[in-house]
Number of protein chains: 4
Amino acid sequence: MSSDGIREIGVGMLGYAFMGKAHSNAFRKIAYMTWPPPLEPRLVAIAGRDEAAVSEAAERYGFERWTNAWEDVVADPAIGLFDNLGPNALHAEPTIAAAEAGKHVVCEKPLGRDADESYEIWRRVAATGVKHLCAFNYRFVPAVRLARELIDAGELGKIRHFRGRYLQDWGDTAAEVWRFDRAAAGSGALGDLAAHVVDLARYLVGEIDEVGGFLRTFIPGREVDDAVEATVAFANGAVGTIEATRLALGRRNAFQWEINGTKGSLAFDMERLNELQVFQAGDERTRGFKTVLVSEASHPFWEHWWPPGHIIGWGETFVHELHHFLAAIADDTDVAPHGATFEDGYRAAEVCDAIVRSGQSGRREAIVYRTRGAD
Amino acid sequence: MSSDGIREIGVGMLGYAFMGKAHSNAFRKIAYMTWPPPLEPRLVAIAGRDEAAVSEAAERYGFERWTNAWEDVVADPAIGLFDNLGPNALHAEPTIAAAEAGKHVVCEKPLGRDADESYEIWRRVAATGVKHLCAFNYRFVPAVRLARELIDAGELGKIRHFRGRYLQDWGDTAAEVWRFDRAAAGSGALGDLAAHVVDLARYLVGEIDEVGGFLRTFIPGREVDDAVEATVAFANGAVGTIEATRLALGRRNAFQWEINGTKGSLAFDMERLNELQVFQAGDERTRGFKTVLVSEASHPFWEHWWPPGHIIGWGETFVHELHHFLAAIADDTDVAPHGATFEDGYRAAEVCDAIVRSGQSGRREAIVYRTRGAD
Amino acid sequence: MSSDGIREIGVGMLGYAFMGKAHSNAFRKIAYMTWPPPLEPRLVAIAGRDEAAVSEAAERYGFERWTNAWEDVVADPAIGLFDNLGPNALHAEPTIAAAEAGKHVVCEKPLGRDADESYEIWRRVAATGVKHLCAFNYRFVPAVRLARELIDAGELGKIRHFRGRYLQDWGDTAAEVWRFDRAAAGSGALGDLAAHVVDLARYLVGEIDEVGGFLRTFIPGREVDDAVEATVAFANGAVGTIEATRLALGRRNAFQWEINGTKGSLAFDMERLNELQVFQAGDERTRGFKTVLVSEASHPFWEHWWPPGHIIGWGETFVHELHHFLAAIADDTDVAPHGATFEDGYRAAEVCDAIVRSGQSGRREAIVYRTRGAD
Amino acid sequence: MSSDGIREIGVGMLGYAFMGKAHSNAFRKIAYMTWPPPLEPRLVAIAGRDEAAVSEAAERYGFERWTNAWEDVVADPAIGLFDNLGPNALHAEPTIAAAEAGKHVVCEKPLGRDADESYEIWRRVAATGVKHLCAFNYRFVPAVRLARELIDAGELGKIRHFRGRYLQDWGDTAAEVWRFDRAAAGSGALGDLAAHVVDLARYLVGEIDEVGGFLRTFIPGREVDDAVEATVAFANGAVGTIEATRLALGRRNAFQWEINGTKGSLAFDMERLNELQVFQAGDERTRGFKTVLVSEASHPFWEHWWPPGHIIGWGETFVHELHHFLAAIADDTDVAPHGATFEDGYRAAEVCDAIVRSGQSGRREAIVYRTRGAD
């Protein structure tokens, strides 16, 4: 219990780079922006391999202690929430250990390096009964949540099409980053970008039945894929495409999607994440896509922010996401459907694996999702 | 020879509906807008089934005579150019007959209802030695030609990605139109819309090696496809997607495509056909897509039009296209590469057929293009 | 009477340059695109100073004869409609003479070089009883007409704001054109561009009561203004700005305006003339400006054109405008309110003159409109 | 000195509403996002009238103590920086008192309720030698700073035009807020919105010589202006317009401006604050405005944030602004030119007053700026 009567939760983190900054910032802001916070995050410990970097991160973000051994964090009784932001190869073991030590767990996406590993993480963690969240943060963009609400309210009618593509353009870099290392990352654009597309496709449209497509590596000597191209068919009859690339020059973070239904359409671009394009069938005289600036008092998450029109940034998606997770812990409510659980993380991995298989087999691949009871 | 010393060419037309209006308008405008015209089109005869409609069209557009029998047009010695705008089922026989009667021939796309029929049209017509043009008019959008010129000049470097989609939204109509009739149309969104995407993909990126995908019919009882979803691989190594639908609410004529290369990117939307989005690698301080209003004196086709910024419409693509064809006749120059020949029409059909096969087989389909010599 | 039973009207034209091309094209297209045409224009005679140019124009556009003397055209009994596209200095005398010879008259904007001259043209022409049209063609953009219809239907409520600016960027040219010559043009950006803004302000919002502002010449040695800046107050209480410049680099033909009312807003840019931005107060969840592609069957002028989404160009505004004028002649209906009469041409000139006076006096200037009866 | 060796500065705040949230958030983020921070802000005390609200704000944002008397804050020896976010009527006295007590001072805009009051604040505060910042936070939007850098580098050439408008649409509300109260606010859209336009005009283009225009109140019974319309002339010869309104339906926070120079143009809209539209004269083949996503490592302020394309929000402008002020304190460097000093606050007020005078006099008004030495 903090001095102001709000219950605290100790946070332990693995990883201190880009995502460590994003999550630390979110935990700190939750304490005063989402007032009163469901739980007040106390930054207890941060783990990482590079001693200089992790100690600086601890000082900068205000963690009480740091360590080179993630096992210390997992074992720390002051910690109630373990947030795993390490390289993909370091997702499974620490996350499972933390859950088995009774900590609620957040794990960055992709959950594992493939469906098998993701399944194992989900199965083992779910068995412990802790709360789990796979950090598909784009579910927590206000415009994305609004899209979901409009779809749930039937405003699009029956969905026929989903077109999703995640375009970035840093793939020509010669920098040696773990994201190009197969052992560390598992895949390239597939797990990094296409997994986000798959997750939002599932969140907004529904379960995916079948995919056909392939991966492509353009850069000589690169171990992982630079691009993914796929067609997709959903259980509800909708069809479309899923694409991802790190080689679309001029597109910095262009996660773009469009959904067409029998009564309306939606379109979105992460580079303008405060906007949702909305088409509603109706008056023919003024028919057209609306550019909805998602910043009204009645819009998702906006109770935490500013007057209408004063837009928010990419970093705030983590505030929304981790706030949601803390609320689920505080009130013992479900992380789903708005938060991605480890089951969602696993299912996204099944779809990604099917694209890999399709690339190898040359066939469209049906997707069979495993259940927990199956083990 | 007309009174002003410009050589005339007699035009015979089959079809008087939407496309008849577009082509007639173009032939009339060529005579004074593209000054001096390569040949002055004289509208000699128009053929069609509905007597009232074809006679009104003749009067309205200024054809000297009309007929219910296309055979009359084909046989007419005053006619040097036969323009076939009939339903797809009426492409093969009249077009071949006209060519064999020594007339230069224009045929609306898709050339035939499938690859076999398209091949036959190409083979038979090419054997006659007349000029032939498959009316893929979007090659004659100034922004599309500019894209081709930029690509030819190496400004995009090596192309890696093509994403093309042609989205319309009139497919829910219950009107009985020949475009929904399998016998008349051969296919739905495939031949009507996806064929355009295939043609520009070939024109801008290069030959297509392989496709994987499927067609989908959403409207119960409809004989033809409403939508097409496909992945594509090009001979030069580029990869991407090809999509088409008549069911994307809010998209009226959204033929959108994006191309990414190693040095730059281009993007386009037919609903803003005067604009080309251009990204050129270079200065990092002001990196971004340029919205190029393709209306400068130095831009393709602009010598025929207005001062910069005074945009043109969709209808003018036919002026450019038929002007190009008349010039090829007048000067005995090649219709290719900027005009689509019947070989291009056939090759687009091979790609479309491969998507159909892929939908049936569940496999990615390699494409083998027939040559004329092979028959 | 032409051979098809449609009454003919003989057209005489003064001027053969940019505007001669635009108007000739329109007259020719009316004959078949606006079917059946209200009157079939017969291009009888064209006048101009440069013998080679005017004779080529006659041949190209199909005028039966040409002349160096506009008096010949005015006197020609075969001519029922005189279309004056000459330099501004040549608006008054030929236009008045033609009207007094009983011809219906079209005159390019600005009507005269100042309010006095414009008033004189209006007064003299109106006294003859012929139909008169001041060619403010932007009233005939479908999106502009739709804006007017929405306003007339009360969909914007009471209008509070008008912001209009006409931005071009060719003013740095050293070419010697009559538009830079004070004697020939009267003014620079004022009569050329700001007059269009004034006309649409009057057409869409209402009569202008008062302006404050000034002209500015940036280019040393230039006789006319390069830019105009003004505030404006309307009789109905709305307020706003009127701007025009030939020196806004990157803006080729950006006639942009926005109107805000108590119930909605509209915005427009001539560089995307097929689109109208529409904001309608209502549902807060999906509040935003709609991008309306003005190309539906129910939209203004669209009965003449193509299926939805197949956009038209700047040149078609003249088709709509001259079609409207021919219909007014054929049916003896009023040119107003949708067509600008010479009274509208005169009133725009009063507003422009008031801006000039304000620049000189340093004071906001009230505008007193003369009536015909007042002289 | 904090535990990590970074020097602390005690912060005292007056005001706890919208702006209190924005500034508190910024001070908290500076401590870890701008690493290492120039000074570590310690939130010592917050003052406000409403006891419940100010005590909750203190708890929420982590101030050590709260008070109803701003005099306590001004007198507090633990406080080195006084941040005045109170209503405009409460800007002068506390700010001057704080400065005279030796505290560095930040004051929200507008500095005073008119030029006289603003001048007095500037004069009195400047005499004390403390650092002072008038919180025109929009100078700290990355795209705005980039605009300034491009202009300073000569990339626009000589500036000819500035068009600035700040459009909001909440003015129809019947809520009784201090912003509608003349005694508390001084003015309406003028001080609230137009002052921002004036400040960026001065920051980007240069000193303003003359304005002509007027204020307008549309809502019956309202004490302050709803809208401002003005023309503007700059000392360097540029001309343009300044507009502001709270009644532009559909515009939530649309602070839009465009600048045209002899070599290029820039355009901006605060609703898309991560983007700068850049036109650079040059290659005619690909001429057009670039949409520059201002999020590169080399872009202003971006060293504090995320990878390219991961956009930031409106709230971060305060992080940049207060970071700049803390650095000026820490290093004893000038707040100007990038930060707005109280002199800038005063000068903006002179321009706003001149618009008021022009509205009353009906004359364009020249602006005479007072100097400190004049008193």
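The values are calculated or read from the model by the stated rules, or taken from the named source; none is laboratory data. Note that the structure is a prediction, hence the values are computed from the model and not measured. Positions of Cβ are backbone-derived with ideal geometry, glycine not excepted, and every protein chain shown enters the neighbour counts. These accessible areas exclude ligands, DNA and RNA; they are computed on the full protein's heavy atoms, side chains included. Shrake-Rupley method; radii C 1.70, N 1.55, O 1.52, S 1.80 Å.
At-a-glance table
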quantity	calculated
Residues within region A:268-290 that are more than 12 Å from chain D (Cβ to nearest Cβ) and under 10 Å from A:Val141 (Cβ atoms), tallied	2
Neighbours by Cβ (under 7 Å, 6+ apart or cross-chain): first from region B:15-31, within 9 Å of B:Leu322 (Cβ to Cβ); second aromatic (Phe, Trp, Tyr)	B:His23/B:Phe318; B:Ala26/B:Phe318
Output for region A:206-226, where each listed residue is under 24 Å from A:Arg145 (Cα atoms) and more than 14 Å from chain B (Cβ to nearest Cβ)	A:Gly206, A:Glu207
Filter result for C:Ala248 (over 21 Å from the mean Cα position of the chain (by Cα), open to solvent by less than 20 Å² (accessible area, probe 1.4 Å) and within 14 Å of chain B (Cβ to nearest Cβ))	yes
Unique match (being buried (at least 17 other Cβ atoms within 10 Å of the Cβ) and in contact with a Cys (Cβ under 6 Å, 6 or more places away or on another chain)) among D:Leu190, D:Leu146, D:Leu167	D:Leu190
Single residue of region C:275-295 satisfying the filter (touching a residue at least 12 places away in the same chain (Cβ under 8 Å) and open to solvent by less than 10 Å² (accessible area, probe 1.4 Å)) that is nearest to A:Ala281 (Cα to Cα)	C:Val292
Count of region D:333-368 residues which are surrounded by fewer than 23 Cβ atoms within 10 Å (Cβ to Cβ), in a helix (DSSP H, G or I), touching a residue at least 12 places away in the same chain (Cβ under 8 Å) and touching an Asp or Glu at 6+ places or on another chain (Cβ under 7 Å)	1
Evaluation of B:Val105 against (1) on the phi > 0 side of the Ramachandran plot; (2) buried (at least 23 other Cβ atoms within 10 Å of the Cβ) (one fails), failing number	(1)
Any pair with Cβ under 8 angstrom, 6 or more apart, that starts in region D:299-320 at a residue that is within 20 Å of A:Gly309 (Cα to Cα) and facing chain A (nearest Cβ under 7 Å) and ends at one that is crowded, with 19+ Cβ neighbours inside 10 Å and of a type in the set (Val, Ile, Thr)	D:Gly313/A:Ile311; D:Gly313/A:Ile312; D:Trp314/A:Ile311; D:Trp314/A:Ile312; D:Gly315/A:Ile312
Which listed residue is under 19 Å from D:Ala135 (Cβ atoms), within 19 Å of the chain's Cα centre (by Cα), within 12 Å of another protein chain (Cβ to nearest Cβ) and open to solvent by 10 Å² or more (accessible area, probe 1.4 Å), from D:Arg179, D:Arg202	D:Arg179
Considering residues of region C:75-90 that are in contact with a strand residue (DSSP E or B) (Cβ under 9 Å, 6 or more places away or on another chain) and over 18 Å from C:Leu322 (Cα atoms) only, the residue most open to solvent (accessible area, probe 1.4 Å)	C:Pro77
Checklist (1) within 14 Å of chain D (Cβ to nearest Cβ); (2) in a loop (DSSP other than H, G, I, E, B) applied to C:Arg160, failing item	(2)
Conditions (1) in contact with a strand residue (DSSP E or B) (Cβ under 9 Å, 6 or more places away or on another chain); (2) more than 12 Å from chain A (Cβ to nearest Cβ); number of the one not met by D:Leu293	(2)
Top-ranked residue of region B:226-237 - restricted to ones that are within 14 Å of A:Ala238 (Cα to Cα) and in contact with a strand residue (DSSP E or B) (Cβ under 6 Å, 6 or more places away or on another chain), ranked as surrounded by the most Cβ atoms within 10 Å (Cβ to Cβ)	B:Val228
Test: residue in region C:300-317 that is within 20 Å of B:Asn253 (Cβ to Cβ) and hydroxyl-bearing (Ser, Thr, Tyr)	no
Qualifying positions in region A:179-235 - within 19 Å of A:Gln168 (Cα to Cα) and assigned to a strand (DSSP E or B)	A:Phe214, A:Leu215, A:Arg216, A:Ala227, A:Val228, A:Glu229, A:Ala230
Region C:251-267, subset open to solvent by less than 10 Å² (accessible area, probe 1.4 Å) and within 14 Å of chain B (Cβ to nearest Cβ), residue farthest from B:Glu275 (Cα to Cα)	C:Phe255
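The rows are residues; the columns are (1) among the aliphatic types (A, V, I, L, M); (2) touching a strand residue (DSSP E or B) at 6+ places or on another chain (Cβ under 9 Å); (3) at pLDDT 95 or above; (4) farther than 17 Å from C:Val211 by Cα.
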| site | (1), (2), (3), (4) |
| --- | --- |
| C:Gly315 | no, no, yes, yes |
| C:His324 | no, yes, yes, yes |
| C:Asp331 | no, no, yes, yes |
| C:Arg347 | no, yes, yes, no |
